[in-house]
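In what follows, a single structure is set out as structure tokens and then discussed.
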Amino acid sequence: KNQVEQSPQSLIILEGKNCTLQCNYTVSPFSNLRWYKQDTGRGPVSLTIMTFSENTKSNGRYTATLDADTKQSSLHITASQLSDSASYICVVSATDSWGKLQFGAGTQVVVTP
Amino acid sequence: NAGVTQTPKFQVLKTGQSMTLQCAQDMNHNSMYWYRQDPGMGLRLIYYSASEGTTDKGEVPNGYNVSRLNKREFSLRLESAAPSQTSVYFCASSGRSSGISPYEQYFGPGTRLTVT
């Protein structure tokens, strides 16, 4: 069973609107959680990284939250743009698995004009 | 800086053929990784190299071999390709660099491999 589950699997939003993506994980002991953006045909690019003590982090119009107690994270996209169309991947690392990351399957976001 | 580069970008193989995927990074990173990405699944780690001279198996190593040629280069070899190895392969690197998080992994553009 995947230790990182993302929802929804896909979503379509109008340009200018906001959206929130969810990530639930069971990875333990927890080290850090990161969100990546993957454009079609490209490798993933990091948006944010959060450790246990951080509960929110922003990168421009992207804001990630982390609740380490409930093992949940969200990624909020504000005022979406066409260039936000991509897959957003939640990735979790455990403290006892040096360098090894557990990847979610991603949420495919399509922003329409 | 080019970051992480991979060659080739696309490849079609017949079952039983062999090939090597090349990866190089110019960020002076110690650690390098090979992943595969299949539809509907998260990236899965094939092999990794924590530092020059060391390699270790990841989650799905069967059917693959790796070589850490030097600090910059990390290659992935398929000795006898099978249709189940049809996938997109990503190389990544991480390590301490000035101003950059030690946790960060930087990915290459990927190699799209089809085995018929």
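Summary of computed values
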read-out: Share of pairwise Cα separations in region B:9-95, more than 20 Å, in percent; value: 31
read-out: B:Ala82 versus B:Arg112: modelled label distance in nm, points set 7 Å from Cα along the beta carbon direction; value: 2.5
read-out: Directionally averaged shadow of the protein assembly as shown, computed from the convex hull of its alpha-carbon atoms, nm²; value: 12.6
read-out: Pairs from A:Lys37/B:Lys9; A:Lys71/B:Lys9; B:Lys9/B:Lys71; A:Lys100/B:Lys9 whose Cα-Cα separation, in the structure shown, is over 30 Å; value: A:Lys71/B:Lys9
read-out: Projected label distance in nm at A:Asp39 and B:Ser18, using a 7 Å step from Cα toward the beta-carbon; value: 3.7
read-out: A:Ser74-B:Asn28 pseudo-label distance in nm [points 7 Å out on the Cα-to-Cβ vector]; value: 4.2
read-out: Set of aspartates and glutamates with alpha-carbon distance to A:Lys17 below 12 Å, sequence-local pairs under 8 removed; value: A:Asp84
read-out: Reachable lysines, given that their alpha-carbon falls under 28 Å from the alpha-carbon of B:Lys14 and they are not under 8 places away in the same chain; value: B:Lys57
read-out: Relative contact order [Cα under 8 Å, 6+ residues apart], region A:21-113, whole percent; value: 32
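Read the figures in this text as sums done on the coordinates, not as results from a lab. Bear in mind that the values here come from a model prediction, so they are computed numbers and not experimental data. Cβ coordinates were reconstructed from backbone atoms using ideal geometry, including for glycine residues, and neighbour counts include every protein chain displayed.
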